[in-house]
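Heads up: the structure comes next, in structure tokens.
The values are calculated or read from the model by the stated rules, or taken from the named source; none is laboratory data. None of these values were measured; they are calculated from a predicted model. Neighbour counts are summed over all protein chains in view; Cβ atoms, including those assigned to glycine, are modelled from backbone coordinates with ideal geometry.
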There are 2 protein chains.
Amino acid sequence: MGETDRNSPIGVFDSGVGGLTVVKELMEQLPNERIIYYGDTARVPYGNKSRETVIRYSREIADFLCEQNVKAIVVACNTASALALDELNKSVDVPIIGVVKPGARAAADVSRKGKIGVIATRATVNSGIYEAYLKGKRPEIEVFAKACPLFVPLVEEGLTDDPITDSIIHMYLDELLEKGIDSLVLGCTHYPLLKDSIARAVGKDVTLVNPAYETARSFKALLEEKGLLCESGSRSGNEFYVSDSPDQFRNFAGNVLSISIGAEDVKVKAFAG
Amino acid sequence: MGETDRNSPIGVFDSGVGGLTVVKELMEQLPNERIIYYGDTARVPYGNKSRETVIRYSREIADFLCEQNVKAIVVACNTASALALDELNKSVDVPIIGVVKPGARAAADVSRKGKIGVIATRATVNSGIYEAYLKGKRPEIEVFAKACPLFVPLVEEGLTDDPITDSIIHMYLDELLEKGIDSLVLGCTHYPLLKDSIARAVGKDVTLVNPAYETARSFKALLEEKGLLCESGSRSGNEFYVSDSPDQFRNFAGNVLSISIGAEDVKVKAFAG
């Protein structure tokens, strides 16, 4: 690695549009930083793909972000964080952080009874990574993980507040509530968009943990520690790359997250194959 | 192209597991044929990808099937049929058939009032291809197309017969019923698995058209016409290729379709990128 410039942009990537929930937190907590985002919208979702495939895709994207001279990378996708972060740490020269560890740490901190629910994609659940981190922090913790594959399409259909969504939330979460969980990790980037509906379903005795928020906090601390915080407010525009249609991406950003992205700020960059 | 051997296998491909509904029809209507199936489970779904991406993926797979010496190809994916069939026809040397045309032809035949509903993925709906075929057959036909992005994840969650699914079916289809449709094309390979629930929702005055069934019929006629029907009952085992985890594929085949596939009959073949 050459000299890292603290005024270089930060790189953020996700399997698709969901990582914009992390971008939103980064924008709030690190308003001076310029962001280069990659959303792998042609190959989304990662959540039902194998470990090998997710590692291969993540490597391609991390290499691409490094070619854009990013000073650090946030893996905004829970699945990629769960399956590929260790491998990326070996192959990437800049500091890199995922969303799983900050989310798990926060959950371990807030849980009183040590009974923690984790909802995520099938791949993240099968990886057992939240459980491993949580037990690493507090060995007595009991973790109840549940894959919720319908949540992402519900969000992408705009059904964030709908009786159908309420029914599906109960279908997935009632068994976790029966286990007596006192906190629940929203372990997929889309899930914070269902926060209000999930909060209604689980009641006020269950604390929701949003890894997007926790990750932005941890990432800020990491940049501070490495002397990599941007110097001034001279921040120019963010850049967004997607592997498929830019329009769908901009629609999601605008409608669901109220992040306005200009047409000229989204470029298409697909990988071979 | 060299000499085509009528005892060569037939190739079938889909973006994932859904094309197995077509395989099931082919097995019933063409019991002597040996099938080589490719499911692009690493890159599924195609339904929200751009035309260029779907063409690129479809070409890779068609080329791969030709390398396996198939005598003809069925594009079992509605999205790939809608977006890529014309391109494949130019580049592939063996006879090739999609699911859209047979489905549209059957719908045009059964509709009395000429008001036809089409449900499919967003990409298929946006392509306007069912409408184009239907109006090509009967110019006075009115087509009401609706994308139903939640149907595939519902099927993959095994919720083929569930009150939640009934609610979602009504959410999508009530507007088509208000238009007075008298037939409904199930324009995505997963949708026939919701046939009973959809039939309940639309009532018996709306005829459901299953392109998987119609495609197998048309394909049989095509093989007959070209003198490519397999000679004898000496059919050996089918082969299945997937671009991601074989286990998930076999589970879906077994649980949802009652097609039993041996572990040794599923191989992984991924494309670069």
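Brief remarks on what is shown
- Single residue of A:Glu231, A:Glu225 found to be modelled with pLDDT of 95 or more, among the acidic types (Asp, Glu) and within 20 Å of A:Glu25 (Cα to Cα): A:Glu225
- Odd one out for B:Met27 among (1) aliphatic (A, V, I, L, M); (2) surrounded by 20 or more Cβ atoms within 10 Å (Cβ to Cβ); (3) farther than 18 Å from B:Ala123 by Cβ: (2)
- Test: A:Leu193 is more than 14 Å from every other protein chain (Cβ to nearest Cβ) and at pLDDT 95 or above: no
- Residue within the range B:223-242 that is surrounded by 19 or more Cβ atoms within 10 Å (Cβ to Cβ), under 20 Å from B:Leu65 (Cβ atoms) and within 14 Å of chain A (Cβ to nearest Cβ) present: yes
- Output for the range B:183-209, where each listed residue is part of a helix (DSSP H, G or I), within 23 Å of B:Gly19 (Cβ to Cβ) and not small (Gly, Ala, Ser): B:Tyr191, B:Pro192, B:Leu193, B:Leu194, B:Lys195, B:Asp196, B:Ile198
- For the range B:54-87, the set of residues classified as in contact with a Phe, Trp or Tyr (Cβ under 8 Å, 6 or more places away or on another chain) and β-branched (Val, Ile, Thr) consists of B:Val54, B:Ile61, B:Ile73, B:Val74, B:Val75, B:Thr79, listed by residue number.
- Filtered by the rule that a residue be closer than 23 Å to B:Val155 by Cβ and part of a helix (DSSP H, G or I), the range B:248-264 gives B:Gln248, B:Phe249, B:Arg250, B:Asn251, B:Phe252, B:Ala253, B:Gly254, B:Asn255, B:Val256, B:Leu257.
- Criterion violated by B:Lys71 - all others in (1) of a type in the set (Lys, Arg); (2) within 20 Å of B:Lys220 (Cα to Cα); (3) under 18 Å from the mean Cα position of the chain (by Cα) satisfied: (3)
- Members of the range B:57-75 found to be within 14 Å of another protein chain (Cβ to nearest Cβ) and either among the aromatic types (Phe, Trp, Tyr) or crowded, with 22+ Cβ neighbours inside 10 Å (or both), listed by number: B:Tyr57, B:Ser58, B:Ile61, B:Phe64
- Scanning the range B:148-169 for residues being at negative phi, in contact (Cβ under 8 Å) with a residue 60 or more places away in the chain and outside any helix (DSSP H, G or I) gives a total of 2.
- Matching entry among B:Ile55, B:Ile61, B:Ile35 (being among the β-branched types (Val, Ile, Thr), free of Cβ contacts under 8 Å to residues at least 40 places away in the same chain and at negative phi): B:Ile55
- Leading residue by the ranking (farthest from the other protein chains (Cβ to nearest Cβ)) among those in the range A:34-56 that are assigned to a helix (DSSP H, G or I), surrounded by fewer than 24 Cβ atoms within 10 Å (Cβ to Cβ) and not charged (D, E, K, R): A:Ile55
- Options B:Arg43, B:Arg112: the member that is closer than 20 Å to B:Glu214 by Cα and either out of contact with any strand residue (DSSP E or B) (no Cβ under 9 Å at 6 or more places or on another chain) or modelled with pLDDT of 95 or more (or both): B:Arg112
- Among (1) more than 30 Å from B:Thr165 (Cα to Cα); (2) buried (at least 23 other Cβ atoms within 10 Å of the Cβ); (3) touching a strand residue (DSSP E or B) at 6+ places or on another chain (Cβ under 7 Å) - the single one A:Ile96 does not satisfy: (2)
- Residue within the range A:219-235 that is farther than 30 Å from A:Asp5 by Cβ and in a helix (DSSP H, G or I) present: no
- Failed item, numbered, when B:Asp174 is tested on (1) in a helix (DSSP H, G or I); (2) closer than 24 Å to B:Ser81 by Cβ: (2)
- Selection of the range B:140-174 for residues being more than 12 Å from every other protein chain (Cβ to nearest Cβ) and not charged (D, E, K, R) yields B:Ile141, B:Val143, B:Phe144, B:Ala145, B:Thr160, B:Leu173.
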